[in-house]
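For reference, the structure discussed in these notes is given below.
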């Protein structure tokens with residue numbers, strides 16, 4: 001099985017109604033894949049500072065992100081020595097410091113305990129409230145329900161529903177399910 005990024009072979013990206021050329025997507029999108037360990041021999045602090053300079057990030061946010069993701073104690077630790085949850089928080093910090101208006105994050109809660117998951121959820125919601133668009137790929141429906149405002153429900157490689165929880169609940173009830181505010185129940189009714 002091949003792993004990695006594949007080039008886009010369909011679809012479009014538009015920002016404020018204007019189509020974005022493939023060569024310009026990097027100006028608008030930053031993607032954080034799941035289960036990566038960038039610069040394993042370098043410290044978390046080095047990775048944050050390097051990313052800020054390389055991606056022309058928002059350095060004024062560095063301390064806030066470090067505090068919100070509880071990274072102070074591991075700033076001097078090499079990334080390759082971190083636990084899965086620590087590494088996830090360090091990589092999320094890199095993404096949160098990038099300047100692109102759209103951040104795509106694959107499995108933002110993977111490897112986090114309950115407390116860390118709640119802190120990351122609050123951090124992501126606060127980050128989105130500051131005006132940045134976040135696209136999160138989340139397999140655990142309850143995690144998606146507590147953080148996302150809009151959903152695209154996928155099953156078997158097909159879109160089964162798209163919209164707010166209320167909109168999706170309406171669709172599910174029209175298809176014979178009961179109207180509910182439980183995203184898991186809505187997903188089951190639509191798949």
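Distance from the Cα centre of region 63-130 to that of region 1-60, in angstrom?
First find each Cα centre; the distance between them is then 15 Å.
Between residue 122 and residue 64, what is the label-point separation in nm under the 7 Å Cα-to-beta-carbon projection?
Each label point lies 7 Å from its Cα, and together they span 1.5 nm.
At 7 Å along the Cα-to-beta-carbon direction for both residue 175 and residue 73, put a label point, then send me their distance in nm to one decimal.
Distance between the two pseudo-spin positions: 4.4 nm.
Between the helical axis of 44-54 and the dominant principal axis of the chain, each derived from Cα atoms, what acute angle in degrees is found, rounded to the nearest 10?
Between the helix axis and the principal axis of the chain, the angle is about 80 degrees.
Hey, what's the Cα Rg ratio for region 60-169 versus the globular rule of thumb, 2.2 N^0.38 Å? Kindly include the intermediate steps, with their values, before the conclusion.
Values: Rg = 14.8 Å, N = 110, 2.2 N^0.38 = 13.1 Å.
Computed over Cα atoms of region 60-169, the ratio equals 1.13.
Using label points projected 7 Å from each Cα along Cα→Cβ, tell me how many nm separate residue 133 and residue 46, to one decimal.
3.6 nm
In which sequence would 23, 178 go, from the one with the fewest C-beta neighbours within 10 Å to the one with the most?
Working: 23 7, 178 11.
Result, fewest neighbours first: 23, 178.
Would you calculate a helix-derived [θ] at 222 nm for the chain, using -39,500 (n - 2.57) for each DSSP H run of n ≥ 4 and dividing by the full residue count, to the nearest 500?
Values: 8 runs with 77 residues, N = 191.
It lands at -11500 deg cm²/dmol.
Which percentage, to the nearest 5, of the DSSP beta bridges contained in region 67-191 is antiparallel?
Details: 5 of 10 bridges.
The answer is about 50 percent antiparallel.
Let me know the shape class of the chain, please: from the alpha-carbon gyration tensor, a ≥ b ≥ c as square roots of the eigenvalues, rounded when a/c is under 1.5, otherwise prolate if a/b is greater than b/c, or oblate. Display every interim value, and only then the final one.
Working: a/c = 1.95, a/b = 1.52, b/c = 1.29.
Judged from the Cα gyration tensor, the chain comes out prolate (a/c at least 1.5, a/b above b/c).
For residue 54 and residue 6, calculate 0.36 nm times their separation in residues minus their Cα-Cα distance, and state this gained length in nm to one decimal. Please list the in-between numbers first.
Numbers: separation 48, 0.36 × 48 = 17.28 nm, distance 2.31 nm.
Stretched fully, the residue 54-residue 6 segment lengthens by 15.0 nm.
So how do 150, 89 line up by other beta-carbon neighbours within 10 Å, fewest first? Walk me through the numbers on the way to the answer.
On the way: 150 11, 89 26.
Fewest to most other Cβ atoms nearby, the residues stand as 150, 89.
Cut-off 10 angstrom, C-alpha nodes, Gaussian network model of the chain. Which of 133, 12, 180 fluctuates the most?
Of 133, 12, 180, the most mobile in the Gaussian network model is 12.
Express in % the proportion of alpha carbon pairs of region 150-191 at distances exceeding 17 Å.
Numbers: 131 of 861 pairs.
Distances greater than 17 Å cover 15 percent of the Cα pairs.
Between 15, 152, 44, where does the largest GNM mean-square fluctuation fall for the chain, given springs only between Cα atoms within less than 10 Å?
Maximum among the listed residues: 15.
Each value in this text was obtained by applying a stated rule to the coordinates, not by laboratory testing. Nothing here was measured: the structure is a model prediction, and the numbers come from that model. As a convention, Cβ positions derive from the backbone with ideal geometry for all residues, glycine included, and neighbour counts pool all protein chains shown.
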